[in-house]
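A short worksheet on the structure shown next.
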Amino acid sequence: MVNRNSKLQYDHLRRLARLVTLGTLCVACGTNPFVNGIDDKSLSTTETLRVTPGGELVADGVSEIPITVTYHSAVSPTRVVQLSASAGVFVSTGKGTLSLALGDKEEVSVRFRSPRIGETVHISSAAGSVNRSDTIVVRPALPDVLLLQPRDSFVITGAPAGQLTIIATLRRTIGFVSPGAIVTFSDSDSLPIGRRGVFSTPTLSDSLGRVEVRYTPGVVDTTALGPRTLYACTAATAGPVCGSTTIFLTR
C-alpha cells in the first residue's frame, strides 16, 4: 500500500518544481515573477527608459539644466538613446538632437540649453523598442534694464508736424530678453492733456530686445517749447522696469 503522506509530499514537490521551471523560463523572456522567492516587479520588463529634466528654464538663450537619461535593456546590445527637442539645444552638439551612447552605463547626464522663446519644450526619446515624450517648462526671460533712445536731447522742428522715432532697448544681466515684450510709452505728466504728444502703436520687442514707436508732439506754443521728458515701462520679474529720455522742442 502506498503511503498517503508520501504521495502528498511527492505531489507538492512536483508543483514546486513546475513553478521554479516556469520562473526560469520567464527570466529569459524578461517576465520572471519570482527572484529568490520574492516577487520583483522591477524586473517585469526587458527595457526601461527614463528621461528626467533637472528643473525649469528661463528663455534667455544661455541658461542650462541637466537631463538624466536612464536606459535598462536586457536585449539591446547597442545601448544608444536618440534624443530630440522641439526647441533649445543639447550643449554637446549645439543642436536640438543628440545620439547618446551609454556604453556600459545605465544612466548618463547631459546638459540642455534654453531657447529664446518662453514655451513648453517637448523632449522625444527612443531606445531599442521604447519611445517616450517628456516636457520642460520654459518661462519667458524678462528684462532687467530698459534704455530709451535718443538718450540725449533731440530737436524736433516744424511742430506739430515733426515726428521722432523713439527706440526702447530691453536688456538682461545674463542672456537675452525673450521676444514679444510689450512696452508702454507716455509723455510728460506735467503737460496738459491737450498739449501732450501722441505715440503710434509700438512694435513688440524683437530678438535684439528693440521696440520702436513714432512720437508726434501735441500743440506746441511758446509755453510748450523747450525740454520734454518721455517715459517707457515694461513688465519684469521684480516689478515694472522703466526708462526715460529728454527731447528739446523748438520751432
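The values are calculated or read from the model by the stated rules, or taken from the named source; none is laboratory data. These figures come from a predicted structure and were not determined experimentally. Cβ placement follows ideal geometry from the backbone for every residue including glycine, while neighbour counts extend to all protein chains displayed. Side chains are part of the model used for accessible areas, which takes the heavy atoms of the whole protein and leaves out ligands, DNA and RNA. Shrake-Rupley method; radii C 1.70, N 1.55, O 1.52, S 1.80 Å.
Structure notes:
- Any hit, the stretch 87-94, residues being outside any loop (DSSP other than H, G, I, E, B), of a type in the set (V, I, T) and at pLDDT 90 or above: yes
- Any hit, the stretch 167-175, residues being more than 24 Å from the chain's Cα centre (by Cα), among the β-branched types (V, I, T), buried (at least 19 other Cβ atoms within 10 Å of the Cβ) and modelled with pLDDT of 80 or more: no
- Residue in the stretch 86-105 that is under 17 Å from L49 (Cβ atoms), touching a residue at least 40 places away in the same chain (Cβ under 8 Å) and crowded, with 17+ Cβ neighbours inside 10 Å present: no
- Options R214, R251, R228, R151: the member that is basic (K, R) and at pLDDT 85 or above: R214
- Selection status of R111, modelled with pLDDT of 95 or more and open to solvent by 80 Å² or more (accessible area, probe 1.4 Å): yes
- In the stretch 231-244, the qualifying residues are those that are among the polar types (S, T, N, Q) and modelled with pLDDT of 90 or more, and the one that is nearest to D60 (Cα to Cα) is T234.
- Scan of the stretch 57-86 for residues that are over 22 Å from E107 (Cα atoms), among the β-branched types (V, I, T) and not in a loop (DSSP other than H, G, I, E, B), ordered by number: V58
- Evaluation of D134 against (1) surrounded by fewer than 17 Cβ atoms within 10 Å (Cβ to Cβ); (2) over 17 Å from the mean Cα position of the chain (by Cα) (one fails), failing number: (2)
- Residue match in the stretch 200-218 (condition: within 30 Å of L57 (Cβ to Cβ), open to solvent by less than 60 Å² (accessible area, probe 1.4 Å) and in a strand (DSSP E or B)): yes
- Output for the stretch 185-199, where each listed residue is open to solvent by less than 80 Å² (accessible area, probe 1.4 Å) and without any contact (Cβ under 8 Å) to a residue 12 or more places away in the chain: P192
- Top-ranked residue in the stretch 176-199 [being of a type in the set (D, E, K, R) and in a loop (DSSP other than H, G, I, E, B); ranked as modelled with the lowest pLDDT]: D189
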